[in-house]
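For reference, the structure discussed in these notes is given below.
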Amino acid sequence: MLNGNEWHQLHGDFLSDTEHLVTRAEECLSHLELISDDKDAIECLLATLQRIAGMADAASVKPVAGLARQLRYLLYFASAAGRLQPTALVVLRQCLSLLSWQVELIDPVTGLLPLDDTEQHALLEQFGCCCGIGKVESSHPVAVQWPVKLAHPEPAQTERADRSSTL
């Protein structure tokens, strides 16, 4: 593990570069708010989120990397399915605000970002739901593992169904 001085020496440009990329992502979103199917804006946003995730991985800032990567994953599938509705864009704006806030809270000396990820999971779930990728099953925020995996029957349920059909 790197000490504070080593992190700062290795990743000194990370904070300013990431802040610049978050601003670019917000500009792409502004274009999408005007024209929701603007392919160039979507591609720019996807590429920007990928760069943020890669830089955060390299700098060992896992919360930022995870949020950027998961947001990109959801955005990719939502845009491919043509599901970027106005409500999804509102939640996407909230997700980018959270990403910006996370970057601002990174300790510039150690690179640590000690946060509770409940809000992150709730926003990602909400964005997925707005895009038709997932469903909210209760009114309370739930921690969801992303990327979303399709539900398959449990092995025990499959075995029971097989046995009942042979009886």
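One table, with the values for the structure above:
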read-out: Residue, modelled with the lowest pLDDT, within segment 34-62, restricted to residues that are surrounded by 15 or more Cβ atoms within 10 Å (Cβ to Cβ), farther than 18 Å from Glu19 by Cβ and not hydroxyl-bearing (Ser, Thr, Tyr); value: Asp38
read-out: Qualifying positions in segment 1-56 - polar (S, T, N, Q) and outside any helix (DSSP H, G or I); value: Asn3, Ser36
read-out: Complete set of residues in segment 24-80 that are of a type in the set (Val, Ile, Thr) and either in contact (Cβ under 8 Å) with a residue 24 or more places away in the chain or touching a strand residue (DSSP E or B) at 6+ places or on another chain (Cβ under 9 Å) (or both); value: Ile42, Thr48, Ile52, Val61, Val64
read-out: Residue in segment 4-25 that is of a type in the set (Gly, Ala, Ser) and under 21 Å from Gln126 (Cβ atoms) present; value: yes
read-out: Number of the condition not met by Gln70 [criteria: (1) at pLDDT below 90; (2) under 11 Å from the mean Cα position of the chain (by Cα); (3) polar (S, T, N, Q)]; value: (1)
read-out: Residue check, Arg83 closer than 22 Å to Cys131 by Cβ, of a type outside the set (Asp, Glu), more than 13 Å from the chain's Cα centre (by Cα) and not in a helix (DSSP H, G or I); value: yes
read-out: Residue within segment 91-106 that is in a loop (DSSP other than H, G, I, E, B), among the β-branched types (Val, Ile, Thr), farther than 14 Å from Ala56 by Cβ and touching a residue at least 12 places away in the same chain (Cβ under 8 Å) present; value: no
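The values are calculated or read from the model by the stated rules, or taken from the named source; none is laboratory data. Being a predicted model, the structure only gives us computed values, none of them experimental. Glycine gets a Cβ as well: all are built from the backbone with ideal geometry, and neighbour counts include every protein chain shown.
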